[in-house]
Every structure is written in structure tokens, then in C-alpha cells.
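S.K.: Let me begin by handing over the structure; questions about it come next.
The values are calculated or read from the model by the stated rules, or taken from the named source; none is laboratory data. Since this is a predicted model, take the numbers as computed values, not measurements. Note that we place each Cβ from the backbone using ideal geometry, even for glycine, and neighbour counts take in every protein chain shown. Just so you know, the surface numbers come from the protein's heavy atoms only, side chains and all, with ligands and any DNA or RNA stripped out. Shrake-Rupley method; radii C 1.70, N 1.55, O 1.52, S 1.80 Å.
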Amino acid sequence: MTDKTYSPSDDFTAGAHIDAAKYDEMYAASIKDPDAFWAEQGKRIDWIKPYTKVKNVSYDFGNVSIKWFEDGELNIAANCIDRHLEARSDQTAIIWEPDSPDEPAKHITYKELHENTCKMANAYKALGVGKGDRVVLYMPMIPEAAYAMLACARIGAIHSIVFAGFSPDALAARVNGSEAKLVITADEAPRGGRNTALKVNADKAFKNVTHDCKMLVVQRTGGDVAMEDGRDHWLHEVQANVSADCPPEPMNAEDPLFILYTSGSTGAPKGVVHTTGGYIVYAAMTHELTFDYHEGDIYWCTADVGWVTGHSYIVYGPLANGATTLMFEGVPTYPDASRFWQVCEKHKVNQFYTAPTAIRALMGQGDDYVNKCDLSDLKVLGTVGEPINPEAWEWYHNIVGGGTVPIVDTWWQTETGGHLMTPLPGAHALKPGSAMKPFFGIEPVVLEPTTGAEIDGNDVEGVLCIRDSWPGQMRTVWGDHERFEKTYFSDYKGYYFTGDGCKRDADGDYWITGRVDDVINVSGHRMGTAEVESALVAHPKVSESAVVGYPHEIKGQGIYCYVTLMGGEEYTDELKVELRNWVRQEIGPIASPDLIQWAPGLPKTRSGKIMRRILRKIAENDYGALGDTSTLADPSVVDDLIENRMNRG
Ligand code: WTA
């Protein structure tokens, strides 16, 4: 924590949607009378049938139910496309910047977005997909990914996007988990100058798909792929025979819009379910106010549509607001470390939103890559996904933002649908590393972790819960409402439990301190340690494993794996490589272990519970402060582990 603060300039504040006084007034109103506040905000969206009810929520454990605008009807694709056609049919909706700067960018107008989305929707219908059916997207960052999402919304199908970096096994699990009728993929996904064989991966996944499911394939590179008769279809072929008009399906506000799998502390990833009305109201509002988006701005979020950030802040929020949203296929360091800044210059980007891990990696490459680009159009910078260290914040502010552009450090989660805490750029004096203030309607509470008692006042620390609901909140876990209640509403009764720790400083501003559960955050990607552990023990030579996070300079946290081997197996450098590749294959490259250590035994309590606290300390080289080890079944394993840390790698 630093004591420095950075106030917005008078000019910025004068032109901003929200200044300090307006924030205070609106925030107070949002907490005092949520029904009235959200009834008004709901008008951001065009409703086919207006709502008469606003909020209907119970956080009572055993009876958790969350509904917003429950008798309203709307269509999200109509809100993101059709309603803009009158005023802005020739305005660019999506700027697509390909992986290679040598390939031309595309500018897709709202009119073209309408046509492409309708054709995609009619292609779904031609393949037998209708309202309520699940469609899995396993796609590169190409405009067709946005069309595919909006086409689902248009006909009322539920999309579930699987990040294209996930393995065939992970894809199969998600296709089976939602019994999807259709998977959309592409021949290949170019990224950083290399092509990932997406269709080949999808074919591998389909070997484990247990029900009838079709595949729709987008031609991205023209690479050679095998098509299975009857099952696989080229998008361009199906589209050749469909109409360019598809009427939007009226959807109830509480009809599901999408499922997005995310990691928790236990078990397999769970399918977070978001619904229609509340989600789009919240995504549109946060996009406008957090980024101080104004008519005509060019807005760029560098996330992938495979994560929630891509859902809310590349596609739904910006398009609902009639914005021009930039979609980037590539990576920050290809062809070199100036790529982000060149794209900002080329397309005159006004709002730029990225992850701390990218900022740290680019900071390490030196300032020249930034300084040679003209970034004078930037008005607001944003970060998301993990805590940002003050050093990276200062670099972002001074070098990228020229010392004047405000940074919004947005704290939120897949579960929350949109930003829950963030400074508003025209309202708040920024503190590097602080998510600052709750968004409208959000009441954060800091709880004492063991008793669950609310900690009042300032200059306090504890676990972070939210007192009441907001429209963008997830509604359930797909197919497992009990798990939903247990995960978020059972530890601290009557609140939504975030899984994060936080501090409220002397001024009442919030600082997220990181996860308090067994979730780690690697390069802004959420990873359940249990998932990596189950991948490791699936290897025939591994008998047990325990995975923890440790501080990593670029990634924020790295993945540290302790493995115990089957009797007779020897720990060698080759096995280390083999295990690393194994995890990449089981889950995907994002789960690749950073360090693996052989553990002759794991520190367990007498009841068999692994004491991760100890493993975390050893991973952090902090073994002077291991705390009480007397409850361990065999305290001597700790010395072995400290000694054996020398063989990690
Ligand atoms: C972490 C990403 C600190 C946090 C939108 C949260 C953050 C988890 C921030 C959710 C931030 C996200 N500062 N930590 N600005 N934003 N986190 O579901 O631990 O992928 O619980 O959603 O990321 O990750 P998820």
C-alpha cells in the first residue's frame, strides 16, 4: 500500500458522467431504495414487455433465490444491435485486429453485425438448435465469436464459451456438462504467430462426448481439417442457404443467457449461470460509468471472450451502449512488445482495459516500446483480474497514461457479471493498488473470518462479503443449485461470500488482498488447486499431490506442485518434464506447473487433511514462520520438504 493519491483533472471531471458529488448522491440512493434505483436503471435497456417488479431476492441458506425484473421480456441481441440501427447502422460496431499486423483489420458496422448475427442464428436453426438449447463456443478471437454469442442471445439458446487454450478433455467435460447440441469452433486459431489446431482439439474432445452433438466450423486460416459426415458443418456452407433476417426471440428477464465454467476451491469447475435482464442492465451501466464511455469513443478490452471479462466488456456491455469495441486476436508481445500500443495508436483507442500480468510483462521490456507510439487518444485505462502492485500501476499511469490518464482498478468475478468495486474516473482520487469504492447498489462488508462477525469502522481487514444482491449477480450453478448455495451462502449466512480477503483503509477505501480459499490466480486466470491436483494424480507414477500458489513476478501467482510418487518410482528431471506436459494436456497450457517438488510425504493432520498453510510457506521460502506444526500426524515430513525444496524446478 502506498499513501499517494491521484486526483482526476478538473477538465476530466467536468466532462465525466459521474463526479464525486454525483457518486455520493447516487450511491446513497442505490442503497437506501434499491427497487427505485434499479427500476430507473433498467430503462437503459429496451424491453419488449416492461417489468413491473424489480428485485426479488432471498439469501437465506437453503432457500437462495435471485430474481431481477422477473416479469419483463427483452432480447439482448436486439438491445446490442437492432435498436442502434436507426441512428448508427453505418457506425463501426466491432474493429477486429488480427494476430498479424500484416493482415488488414476489419471494421464491422452495426448493419453488418445485424446481418452476420442473423445468418449465424439461422444457421443454428438449420442445425436444429432452438430456445433453451446449449451451444458451446471454442473459438479464436474473431468476429464470428461475437456473432455466435449474439446469435444465441437472438434465438434464446444458452452459450457456454470454453477458452480456446483449454485442452480437449476440458472441452469434452463442458460439452457433456451442459449436454450441448452444438459446438462452434474454427479450423485453426492464430496467436502469437502460431496456429493452434482447434478443430483437431475439438475432434479429440468429441471422442469423449457422450450424447448427440453437432459441430459448426468457421474457416479462419484455411488450414486442412477433417470433417465428419453428418456431424460437422462449415459455417459458410450452412449460411449460403439461410436468410439474413432472423426475428429476435422475446426472452423472460430470468431466462439463462450463458453458462461460464469457473474454478472454485473444491471439485471440478462449476457452470456459473447468468440470466438476461439483470445481466445486461448491469453490464451496460458498468461499461458506461466505469470507463466513462462517451458516444463515439473507441473502446478496447484485451481479454478473451473465453473469460467473463470478454463477455461483459468486449461484447455485451459495449454493444448495448452502441459503442465501437475492438477485438484483438493476438498477444501483447507479438511481433514485439509494442503491439498493444501500436494497436492503440492505429485505431485511436480512447479506453484501454487489460490485466496486471500483461502490464508487468510489458513493463519488463522497457519504455521505448510505449514511447514510440502516439497514445494521445487515451482517456481512461483499466485493469482487471488480479491485484496490481503499485510499481506496475505507476508505470501504467506514467508511461502508458502520460501521468494524466486515470486508471480504474476493477474488482469483480465471473459470478458477479460486472464490476463490484472500482474507482469512477471522474469521481475518485486514485490510490495505486486499491479498487477504492463500491459500484452503485453494492454494499461490501468486511467479516471476521472465523466468527463471521461484521467488522465496522475503518482501517480493518477480513473476508469480503456483499450484503445484498445486484442485477448482474449469477443465479445458480448449472444443474446444481445446492452447490451454488453451499459455495456462496453457507459460510457466512445472509451474505454473498466472495472468496476474497480485503482491507478497508483509514479513508474507507477498499484493497483486495487475494483469495482466502484454495483458488489461485495465475496471470489473471482463476485456477482451482484441486483441479491441478487431480490432473497430477491421474498420472500413473503419481500417488499424491498438493498444489499451492506462490508469488510470481509476472504472473502474480505461480503454480507450485508437491508430488509423492508411487512406490518404486524415481524422481528425475525427465519425470518433471513429463508431469508438466501431462498437466498441460489434461487442463491446458494455462495450468502448466511453474515449479514441481518431490515430496516423500505431505504434511497431514491426524484426520488426513493436508495442511496447505505449511506448503505455501515452504513454496514462498518462508519456512522460518511455519506456525504450529504440532497437530501434524508426522511433523518430520516438514523437515524433509524444506530439505527437498532444493530439487524443485
Ligand atoms: C481476482 C475476473 C484484485 C479476485 C473478472 C476475484 C482481482 C477473482 C481483481 C475473480 C482486482 C479480479 N484486484 N483482485 N481488480 N479483479 N480479481 O472470476 O481474487 O476470473 O475473486 O473474474 O480475481 O476472477 P474471475
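S.K.: Given the structure, is Gln351 open to solvent by 10 Å² or more (accessible area, probe 1.4 Å) and over 23 Å from Ile590 (Cβ atoms)?
M.R.: no
S.K.: Is there any pair linking a residue in segment 389-416 that is within 15 Å of the ligand (Cβ to nearest atom) and open to solvent by 20 Å² or more (accessible area, probe 1.4 Å) to one that is β-branched (Val, Ile, Thr) and in a loop (DSSP other than H, G, I, E, B), with Cβ under 6 Å and at least six apart or on different chains, and which?
M.R.: Pro390/Thr2
S.K.: Could you count how many residues in segment 237-256 are touching a helix residue (DSSP H, G or I) at 6+ places or on another chain (Cβ under 6 Å) and not β-branched (Val, Ile, Thr)?
M.R.: Looking only at segment 237-256, we keep the residues that are touching a helix residue (DSSP H, G or I) at 6+ places or on another chain (Cβ under 6 Å), and these are 238-239, 242-246, 248-249, 253.
Restricting the remaining residues to those that are not β-branched (Val, Ile, Thr) gives 239, 243-246, 248-249, 253.
Matching residues across segment 237-256 total 8.
S.K.: I would also like to ask the following. Output the residue which, of all residues in segment 298-307 that are open to solvent by 10 Å² or more (accessible area, probe 1.4 Å) and of a type outside the set (S, T, N, Q), is nearest to the ligand (Cβ to nearest atom).
M.R.: Trp307
S.K.: Just the residues that are farther than 13 Å from Ile298 by Cβ and crowded, with 21+ Cβ neighbours inside 10 Å, please, taken from segment 364-386.
M.R.: Result: Val370, Leu381, Gly382, Thr383, Val384, Gly385, Glu386.
S.K.: Answer yes or no as to whether Tyr261 is under 20 Å from the mean Cα position of the chain (by Cα), within 22 Å of Lys379 (Cα to Cα), within 16 Å of the ligand (Cβ to nearest atom) and of a type in the set (Phe, Trp, Tyr). Please lay out each step first, then the result.
M.R.: Numbers: under 20 Å from the mean Cα position of the chain (by Cα): yes; within 22 Å of Lys379 (Cα to Cα): no; within 16 Å of the ligand (Cβ to nearest atom): yes; of a type in the set (Phe, Trp, Tyr): yes.
Answer is no for this residue.
S.K.: Here's a follow-up. Going through segment 68-93 one residue at a time, which ones are open to solvent by 70 Å² or more (accessible area, probe 1.4 Å) and part of a loop (DSSP other than H, G, I, E, B)?
M.R.: The one that is open to solvent by 70 Å² or more (accessible area, probe 1.4 Å) and part of a loop (DSSP other than H, G, I, E, B): Asp90.
S.K.: Related question: Taking Gln597 as meeting all but one of (1) of a type in the set (S, T, N, Q); (2) part of a helix (DSSP H, G or I); (3) touching a residue at least 24 places away in the same chain (Cβ under 8 Å), write down the number of the exception.
M.R.: Exception for Gln597: condition (2).
S.K.: For the structure I just gave you, tell me whether Ala205 is more than 18 Å from Ala123 (Cα to Cα), open to solvent by 50 Å² or more (accessible area, probe 1.4 Å) and part of a helix (DSSP H, G or I).
M.R.: No: the conditions fail for Ala205.
S.K.: Would you mind finding the one in Asp640, Asp628 that is at pLDDT below 85 and of a type in the set (Asp, Glu)?
M.R.: Asp628
S.K.: Here's something else I'd like to know. If I filter segment 450-476 down to residues being in contact (Cβ under 8 Å) with a residue 24 or more places away in the chain and open to solvent by 60 Å² or more (accessible area, probe 1.4 Å), which single residue comes out as nearest to Tyr282 (Cα to Cα)?
M.R.: Out of the qualifying residues, it is Arg467.
S.K.: Restricted to segment 222-278, and to residues that are under 17 Å from Val183 (Cβ atoms) and in a loop (DSSP other than H, G, I, E, B), which residue is most open to solvent (accessible area, probe 1.4 Å)?
M.R.: Here the residue is Asp229.
S.K.: Now for a different question. Those residues that are part of a loop (DSSP other than H, G, I, E, B), under 24 Å from Ala87 (Cα atoms) and touching a helix residue (DSSP H, G or I) at 6+ places or on another chain (Cβ under 7 Å), I need them from segment 287-306; list them, please.
M.R.: Of everything in segment 287-306, just one residue is part of a loop (DSSP other than H, G, I, E, B), under 24 Å from Ala87 (Cα atoms) and touching a helix residue (DSSP H, G or I) at 6+ places or on another chain (Cβ under 7 Å), namely Tyr293.
S.K.: Continuing with this model, one more query. Is at least one residue of segment 476-487 within 13 Å of the ligand (Cβ to nearest atom) and either in a strand (DSSP E or B) or over 18 Å from the mean Cα position of the chain (by Cα) (or both)?
M.R.: Scanning segment 476-487 turns up at least one residue that is within 13 Å of the ligand (Cβ to nearest atom) and either in a strand (DSSP E or B) or over 18 Å from the mean Cα position of the chain (by Cα) (or both).
S.K.: Further question: Are any residues in segment 309-340 open to solvent by 10 Å² or more (accessible area, probe 1.4 Å) and within 13 Å of the ligand (Cβ to nearest atom), and if so, which ones?
M.R.: Within segment 309-340, just Thr309 meets the criteria.
S.K.: Return the pairs, sorted by first residue and then second, in which the second residue is of a type in the set (Lys, Arg) and modelled with pLDDT of 95 or more, the first residue lies in segment 45-67 and is closer than 13 Å to Phe484 by Cβ and open to solvent by 40 Å² or more (accessible area, probe 1.4 Å), the beta carbons are less than 7 Å apart, and the residues are 6+ apart or on different chains.
M.R.: Phe61/Lys493
S.K.: Identify, from the list Pro190, Pro143, the residue that is at pLDDT 95 or above and touching a strand residue (DSSP E or B) at 6+ places or on another chain (Cβ under 6 Å). Talk me through it step by step, then tell me what you get.
M.R.: On the way: Pro190 fails: touching a strand residue (DSSP E or B) at 6+ places or on another chain (Cβ under 6 Å).
Every option except Pro143 fails the conditions.
S.K.: Please enumerate the residues belonging to segment 614-649 that are touching a Leu at 6+ places or on another chain (Cβ under 8 Å) and basic (Lys, Arg).
M.R.: Within segment 614-649, Lys617, Arg648 qualify.
S.K.: Can you name every residue in segment 498-518 that is within 7 Å of the ligand (Cβ to nearest atom) and either at pLDDT below 95 or not acidic (Asp, Glu) (or both)?
M.R.: Thr498, Gly499, Ile512, Gly514, Arg515
S.K.: Among the candidates Thr357, Thr324, which residue alone is closer than 30 Å to Asp46 by Cβ and of a type in the set (S, T, N, Q)?
M.R.: Checking each option against the conditions leaves just Thr324.
S.K.: For segment 523-534, name all the residues that are within 15 Å of the ligand (Cβ to nearest atom) and either open to solvent by less than 10 Å² (accessible area, probe 1.4 Å) or in contact with a Cys (Cβ under 9 Å, 6 or more places away or on another chain) (or both).
M.R.: Those that are within 15 Å of the ligand (Cβ to nearest atom) and either open to solvent by less than 10 Å² (accessible area, probe 1.4 Å) or in contact with a Cys (Cβ under 9 Å, 6 or more places away or on another chain) (or both): Met527, Gly528, Thr529.
S.K.: Would you be able to tell me the number of residues in segment 477-510 that are crowded, with 20+ Cβ neighbours inside 10 Å and either among the basic types (Lys, Arg) or within 17 Å of Thr275 (Cβ to Cβ) (or both)?
M.R.: Adding up the residues that qualify gives 6.
S.K.: How do the pairs read when you match residues in segment 103-124 that are more than 17 Å from Leu326 (Cβ to Cβ) and of a type in the set (Asp, Glu) with residues anywhere that are outside any helix (DSSP H, G or I) and open to solvent by 10 Å² or more (accessible area, probe 1.4 Å), using Cβ under 6 Å and keeping only pairs 6 or more apart or on different chains?
M.R.: Here the result reads Glu115/Ala244, each pair linking segment 103-124 to a residue that is outside any helix (DSSP H, G or I) and open to solvent by 10 Å² or more (accessible area, probe 1.4 Å).
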